[in-house]
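Each remark here refers to the structure printed beneath this line.
The values are calculated or read from the model by the stated rules, or taken from the named source; none is laboratory data. Being a predicted model, the structure only gives us computed values, none of them experimental. Cβ placement follows ideal geometry from the backbone for every residue including glycine, while neighbour counts extend to all protein chains displayed.
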Amino acid sequence: MWNGFALAALLGLALVAPSAAQGPAPACRPTAPDMLGPFYTPNAPERSKTGDGLTVQGMVRSTRACTAVPGAKLEWWSADGRGRYDDAHRATQVSDREGRFRYTTDMPGRYPGRPPHLHVKVSAPGHKQLVTQIYPKPNENPIGFDFVLQAE
């Protein structure tokens with residue numbers, strides 16, 4: 001009767017225990033930063049919805065083995081459908097116990113020189129602050145997006 005190692009040797013295969021083959025969990029790549037822009041205003045109201053038509057959902061993760069970051073602060077701001085920034089399209093929310101978030105807003109309008117986009121600033125203790133932008137494609141809804149913060 002053949003055991004796994006003998007059969008693997010006969011077939012010219014290496015047999016490695018699963019934990020040794022996997023090793024430590026791979027680190028996530030940090031989300032690429034993007035410009036803050038001139039329209040950021042701190043202290044946006046705490047809410048997860050500022051309109052309808054576009055939803056961004058995902059997780060906040062750490063570069064430390066892609067672990068979830070519960071309680072991360074997400075600050076959102078974007079232009080309205082006509083391309084004008086206003087307080088109605090600003091929000092602050094906190095990721096849940098599993099690092100998840102869900103934000104719903106209006107599809108941002110174009111303004112000269114810029115494609116439609118959402119701004120977000122993500123911060124959490126023990127991590128570098130991230131400022132980035134999401135560029136929705138036409139008819140892309142919902143958008144699945146994980147923010148990966150660089151551990152300090």
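Of all residues in the stretch 124-143, those satisfying the criterion of being out of contact with any Asp or Glu (no Cβ under 8 Å at 6 or more places or on another chain) and either of a type in the set (Lys, Arg) or surrounded by fewer than 18 Cβ atoms within 10 Å (Cβ to Cβ) (or both) are PRO125, GLN129, TYR135, LYS137, PRO138, ASN139, GLU140, ASN141, PRO142, ILE143.
Within the stretch 31-52, residues that are on the phi < 0 side of the Ramachandran plot sit with their Cβ atoms under 9 Å from residues that are surrounded by 12 or more Cβ atoms within 10 Å (Cβ to Cβ) and acidic (Asp, Glu), at 6+ positions apart or across chains, in these pairs: THR31/ASP146; TYR40/GLU75; PRO42/GLU75; ALA44/GLU75; THR50/ASP106; ASP52/ASP106.
May I ask you to verify whether ALA32 is of a type in the set (Gly, Ala, Ser), exposed (fewer than 15 other Cβ atoms within 10 Å of the Cβ) and modelled with pLDDT of 95 or more? Yes. Residues in the stretch 93-123 that are more than 14 Å from VAL60 (Cα to Cα), over 15 Å from the mean Cα position of the chain (by Cα) and surrounded by fewer than 21 Cβ atoms within 10 Å (Cβ to Cβ): ASP106, MET107, GLY109, ARG110, TYR111, PRO112, GLY113, ARG114, PRO115, PRO116. The residues of the stretch 48-65 that are surrounded by 15 or more Cβ atoms within 10 Å (Cβ to Cβ) and modelled with pLDDT under 95 amount to a single one, ARG64. Restricting the search to strands (runs of 3 or more DSSP E) fully inside the stretch 112-152 and requiring at least 2 residues that are within 15 Å of PRO33 (Cβ to Cβ), in contact (Cβ under 8 Å) with a residue 40 or more places away in the chain and in contact with a Phe, Trp or Tyr (Cβ under 7 Å, 6 or more places away or on another chain) gives 118-123, 130-134.
Listed here are the residues, each with its yes/no results for (1) in a loop (DSSP other than H, G, I, E, B); (2) farther than 26 Å from PRO125 by Cβ.
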residue	(1), (2)
ALA32	yes, no
GLY37	yes, no
GLY81	yes, yes
GLN93	no, no
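Consider the stretch 39-79 and keep the residues that are assigned to a loop (DSSP other than H, G, I, E, B) and of a type in the set (Lys, Arg). The one that is farthest from ASN139 (Cα to Cα) is ARG64.
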